[in-house]
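Here the structure is laid out as structure tokens; the discussion comes afterwards.
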Amino acid sequence: MRYVMVVLLSLAVGGIVYVLSMRAGEAEPVTVGFGPEGPPPDGDLEGPDAPHGYTYLQVAVTQGPSVRERLQGLVGSAVLIAFAAVAVAGAFYLLGALISRVIEKFVGE
């Protein structure tokens, strides 16, 4: 049950970070790719002008990830979580063993 709580807590923190970083608006609109004066004056750009702060590159319409790709991502995430848990547990074990050796040498046993 403890591991489920850790996974749920990490998902909640990830969701909060996503909402705060991706969904929060900026105070001023920012045009990506151009300076404050806008596009270069000598460029013949095709298509309608984008409003300030909405400069983007149009790409062809694509399909979202397939079920196989989604499952690969899920399995990959699970494997990464397992390896990270083993790495953290090993690091704590080694740190505890190091502290134990230092204390034993200090006490003289």
Highest to lowest packing among 1-7, 82-88, scored as the average C-beta count within 10 Å: 82-88, 1-7
Under the Karplus curve 6.51 cos²θ - 1.76 cosθ + 1.60, θ = phi - 60°, whole-Hz ³J(HN,Hα) for the stretch 63-79, x wherever Gly or Pro sits: 8, x, x, 6, 4, 4, 5, 5, 5, 4, x, 5, 5, x, 5, 5, 5
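Rule-based calculations on the coordinates, nothing more; no lab input. Keep in mind the model is a prediction, meaning the values are calculated, not measured. We place every Cβ from the backbone using ideal geometry, glycine too, and count neighbours over all the protein chains shown.
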